[in-house]
Structures are given as structure tokens and as C-alpha cells.
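Asks: I'd like to ask some things about the structure below.
Computed from the coordinates by the stated procedures, all read-outs in this text should not be read as laboratory data. Predicted model only: the values in this text are computed from it and were never measured. Positions of Cβ are backbone-derived with ideal geometry, glycine not excepted, and every protein chain shown enters the neighbour counts.
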Amino acid sequence: MRIRLIRGVVSLLDMLEFCACLYVEMATKLAAWEKTAGESNADVEVKPNFLAQILTDISTFGTLCSEQGFNSPAQQCYRIVEMAKKREMRMTCGCLRENLTALRTRVDDDLKSEKFLHLSLRESELYKSPLKQWGAIINRFGEVSKDAEEMNKCLALCRYSAAMFHALHVAELGAVILGDFIGVTDPKKGWGPTERKLRELIKDGRPGLPPKLRKKYEFLEQMHREIDSMVLAWRHKVDHAANHLAIVPNTDFAPDIAEHIISSVRMFMLRLTEDMPNV
């Protein structure tokens with residue numbers, strides 16, 4: 001992936017996929033073409049078939065450069081192709097060598113002016129398809145879509161605290177939804193009231209539940225376990241101030257902790273999706 005740096009600020013919206021393998025391939029071809037063109041006298045014409053193949057590849061490379069925002073190499077690619085067309089596909093080895101050298105120089109200059117972020121295949125897949133495992137949840141609770149997407153993109157970029165910020169937004173919304181179902185009456189709906197109400201319902205067992213909840217006792221037990229799992233994962237890192245979840249200031253999240261919390265939040269939301277009736 002490529003990140004363009006603007007005044008020191010990295011914008012996720014400005015990220016473009018960087019096809020590194022294609023640039024390596026083109027760099028290899030450029031070196032080979034320059035070598036071949038340099039083996040003949042400058043005034044010898046390039047063989048038509050060889051020139052046609054070079055121009056096809058250069059045209060493709062020009063399109064790639066344009067898509068990636070490398071405008072100078074792209075313009076040089078188009079210039080070489082147009083030059084050959086104007087000369088009716090006739091070009092000397094010296095002319096070709098000179099233009100290929102100029103192209104390679106422009107590529108080098110543009111690459112040096114950019115910064116790149118390397119992602120593993122797993123991280124790249126998570127960034128490109130952040131909602132891959134969230135389809136059913138999004139279909140039921142579409143309002144979590146944005147936070148779920150940003151959560152996984154931040155995780156892919158190793159921005160763990162930011163990922164947790166969005167994960168807790170998802171969990172908080174799930175808590176409000178569950179609270180409505182189990183009869184939370186606190187005017188400040190959120191994690192605290194839902195957690196307390198759920199613990200109270202589970203404590204008395206199935207006979208103590210309101211009639212509408214008795215058939216859902218197993219579901220409530222599962223929700224209780226999922227909540228315990230999340231609380232265990234984020235213990236000492238998340239505050240319950242004002243009945244809402246918030247990351248404790250200056251908290252660092254290790255990758256395994258971040259992934260544990262996200263996995264727990266997803267399972268929590270999946271249980272709500274699959275087992276909770278519409279309220």
C-alpha cells in the first residue's frame with residue numbers, strides 16, 4: 001500500500017494500492033531494453049517487432065504510473081509512444097536508449113519522493129475487505145457498519161488504540177440494543193446499565209425472568225459470557241465512566257489484546273444478530 005504524506009498527516013482516504021511487483025518487473029525490462037539498445041550503434045534502427053513489444057509494455061506502464069499518481073513517468077511513457085507513432089514506428093537505438101534512460105530517471109525520482117507502507121497479505125486483505133466477516137451483522141444492524149469498517153482498517157495498519165476506539169463504539173451500540181430487549185429503564189442507556197441488568201436477570205435463573213424472556217434464558221447466558229470475555233480482554237484498559245465505555249488515557253494495546261477484543265465484540269454482535277428477536 002502507498003501513503004502520500006501531506007504536511008505530516010497521513011490520510012487513509014489518500015491511500016492507494018501500490019503494485020510493487022509490476023514496478024519491479026518494469027524496472028527489469030527497462031534495464032534489459034537499455035542494454036539491448038546500447039549494444040548497437042546509435043544510428044541503427046530498432047527492429048520493428050522489438051519496438052512494437054517495447055511500446056506495448058511502455059503504454060501499459062504509463063497507465064499504471066498514471067493510476068498511482070506518478071505523473072512524470074506517465075508523461076514520458078506517452079511521449080515515447082507518440083514519438084514512435086509520428087515516426088511511423090521507426091526509431092534509432094540511440095533515440096530509444098535516450099528516452100528509456102529518461103523514463104528510468106523519472107521513475108527513480110518519483111519513487112524517492114513518496115513514502116510507502118508495507119502490509120502483509122493478511123493485513124492487506126483485512127484493509128481491503130474490512131467487513132468480510134461482518135455481513136450478517138451489518139444486514140441486521142447497519143448502524144455499526146462505519147465503525148466496524150474503520151476498526152478493521154485501523155487494526156490492519158497497526159493503529160491498535162484507534163481500532164479499540166471503534167470497537168468500543170460497536171460494543172456500546174450492541175449494549176444499547178441488548179438493553180432495550182431486556183428492559184433496561186435507565187435514561188442513560190449504555191454499557192453500565194445493560195451489564196448490571198443482565199447480571200441481575202441471570203442471577204435468578206429462568207424462573208425469575210419476566211415471561212417474555214424465559215424462552216431466551218440460554219441466549220441471555222451466552223450474552224453474559226460474551227460480555228465477561230470482553231471485560232476480561234480490556235480489563236485495566238477501558239473505563240466505564242458515566243455508564244459508557246472509554247479507553248483509559250495513555251493506554252497501549254498489544255496486537256493480541258486488540259485482536260482478542262475485536263473478536264469478542266464480533267461474537268457479541270453475532271449473538272445479537274442470530275438469537276435476539278427484533279425489538
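Asks: Excluding PRO210 itself, what net charge comes from residues whose Cβ is under 13 Å from its Cβ, given Lys and Arg +1 and Asp and Glu -1?
Replies: It works out to a net charge of +4.
Asks: To continue, here is another question. In degrees between 0 and 90, to the nearest 10, how far off the longest principal axis of the chain does helix 160-182 point, with axes built from Cα atoms?
Replies: Its long axis makes an angle of about 40 degrees.
Asks: Another question, then. Over the chain, what is the mean sequence separation of C-alpha contacts under 8 Å (at least six apart), divided by residue count, expressed as relative contact order in percent?
Replies: The value is 15 percent.
Asks: Please grab the % of Cα pairs in the chain that end up more than 27 Å from each other.
Replies: 57 percent
Asks: Here's another thing I want to ask about it. In degrees, nearest 10, range 0 to 90: what is the angle between the Cα axis of helix 20-38 and the longest Cα principal axis of the chain?
Replies: Between the helix axis and the principal axis of the chain, the angle is about 10 degrees.
Asks: What longest region of the chain stays clear of trypsin sites (Lys or Arg not before Pro) that DSSP places outside H, G, I, E and B and that have at most 14 other Cβ atoms within 10 Å?
Replies: 8-86
Asks: Past 27 Å, Cα to Cα: identify those pairs from LYS132/LYS216; LYS189/LYS215; LYS189/LYS216; LYS188/LYS237; LYS29/LYS153, in the order given.
Replies: Pairs exceeding the cut-off: LYS132/LYS216; LYS29/LYS153.
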